[in-house]
Amino acid sequence: MKRREFLTTAGAAALALTLDSTYANGQPVLASASPLQPPINAESATSTYVILGVPLRAGSLYPGNENDAQAYRDADLVKQLNHAGRSAVDAGNLPIPSYLPHHSVPPIRSWPAPRIVWDLLSEHLTGILKQPGQTPLLIGCDCSVVVGTAQALSKVTSNDIHVLYIDGDCDDAAPISSRSQSAASCAVWFLTHDSPFWNGPPLKPSQVSFVGWTTPSQSPETGIRSTSLADLRRIGIRQSAQQVLAAIPPSAAILLHLDIDVFRASDLTAIYFPHEEGLSLEEGKELLGILLQDPRIRHIEISEYAALRDVGQNSVHQLVQILVDKLPPSKPQATSPC
């Protein structure tokens, strides 16, 4: 099929305004709602993780699990983080249109649904990121959201950002007119190329690092720094993580993107697109325990958790425990650099 439709930023906003916006539980909200303000201690403010659900599967190959963030809430993510000394607040779900198109028209499946959500997410996150001491933590999303989150972080840091893309796949397929691909499979290509698919600005390949993949890049000449699962095991998890962080400019704000399919399917069953080969849970804990401690991290997102595959919620409890154990404790916040 030769027909393509691209949506401009203005078009996305206009369409979003013509549709009803809802949280996953159906409660109406305003897309311009201000970020949730964390409780302020009388003695000192603290750095806070702002938990935001993104009820979206339109960027994945198959829609249907649009309320996966609820499983994290059922597992008491916010309560457990606070009990462990990690200040956290639940900011609810990103308000998105109640209807988004789903189709198999090339080159991007379900287009323009992903773009609509990226634009809304970028606007919403910009307000949170401008608040001193707030680190967004996205849950229940697909991999394509990295386009919107990188756009938001670029706005508040003058594009001085770096994306740590921890994933079993490199997600850098180029869109082609003969094939309908998911937006998630093209996410890093979008990030690093000028195109009509998003409003940019694109990142340089040097601003992205692939970590943990078992499925190689589909655009091997991108110039993106890459550390495969085999590299992690050959060099060692700790040394590899230290090398990845050392290669990032000291001034860069880090966006840490974690697709849970970087774990092997036998260790984590609720993976949207499972891989037989991948990090063991213990290897993943070691890797994240190093990367998450870096003070340059400004945004975290955990993607591709599939609640329908998590009978008994064993996987989500494991993911929550990793966050409780490996996120750095909240510290008193000094004067804001902003």
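The values are calculated or read from the model by the stated rules, or taken from the named source; none is laboratory data. What you are looking at is a predicted structure, and each value in this text was computed from that prediction instead of being measured. Cβ placement follows ideal geometry from the backbone for every residue including glycine, while neighbour counts extend to all protein chains displayed. Just so you know, the surface numbers come from the protein's heavy atoms only, side chains and all, with ligands and any DNA or RNA stripped out. Shrake-Rupley method; radii C 1.70, N 1.55, O 1.52, S 1.80 Å.
Sorted largest first, the spans of the alpha carbon positions of the stretch 97-240 along the three principal axes are 47, 45, 27 Å.
For Lys326, a cut-off of 15 angstrom between C-alpha atoms picks up these aspartates and glutamates, skipping any fewer than 8 places away in its own chain: Glu282, Glu283, Glu286, Asp294, Glu301. Ordered by solvent-accessible area of protein heavy atoms (1.4 Å probe), largest first, the residues His299, His102 come out as His102, His299. Of interest is the spacing of the C-alpha centroids, which for the stretch 239-276 and the stretch 198-226 amounts to 13 Å. What FRET efficiency comes out for Ser178 versus Gln293 if R0 is 35 angstrom and r is the Cβ-Cβ distance? Round to the nearest 0.05. With a Förster radius of 35 Å, E is 0.20. Normalised Debye scattering of the stretch 80-176 at q = 0.25 Å⁻¹ gives log10 I(q)/I(0) of -1.45, counting only Cα atoms as equal scatterers and leaving out solvent. Bridgeable aspartates and glutamates around Lys155 (alpha carbons under 14 Å apart, same-chain partners fewer than 8 residues away excluded): Asp119, Glu123. What the phi angles of the stretch 272-278 give under the Karplus curve with 6.51, -1.76 and 1.60, with θ = phi - 60°, is a coupling list of 4, 10, x, 10, 5, 9, x Hz, glycine and proline written as x.
Report the gain in length on full extension from Ser98 to Arg309: 0.36 nm times residue separation, minus Cα-Cα distance, nm rounded to one decimal. Let's see the in-between values first.
Details: separation 211, 0.36 × 211 = 75.96 nm, distance 2.41 nm.
So the extension gain works out to 73.5 nm.
Under a Cβ-Cβ cut-off of 15 Å, what is the net charge of the residues other than Ile128 that fall near it, where Lys and Arg count +1 and Asp and Glu count -1?
Values: positive: Lys130, Lys155, Arg298; negative: Asp90, Glu123, Glu301.
Cβ neighbours under 15 Å give a net charge of 0.
With 26 Å as the limit on Cα-Cα distance, the pairs of Lys204/Lys285; Lys130/Lys331; Lys79/Lys331; Lys130/Lys285 that go past it are Lys204/Lys285; Lys130/Lys285.
Of all beta bridges DSSP finds with both residues in the stretch 225-338, what is the antiparallel percent, to the nearest 5? Walk me through the numbers before you get to the answer.
Details: 1 of 8 bridges.
Restricted to the stretch 225-338, the bridges split so that about 10 percent are antiparallel.
The share of accessible area on the stretch 48-326 that comes from carbon and sulfur is 50 percent, using a 1.4 angstrom probe. So if the hydrodynamic radius of the stretch 285-336 is defined as the Kirkwood radius over C-alpha pairs, what does Stokes-Einstein give as its diffusion coefficient at 37 °C and 0.692 mPa s, in µm² per second? The calculation lands on 252 µm²/s.
In terms of its C-alpha gyration tensor, the stretch 248-338 has a prolate overall shape, because the principal axis ratio a/c (a ≥ b ≥ c, square roots of the eigenvalues) is not below 1.5 and a/b outweighs b/c. For the stretch 48-326, the square roots of the Cα gyration tensor eigenvalues, ordered a ≥ b ≥ c, give a/c below 1.5, which places it in the rounded category.
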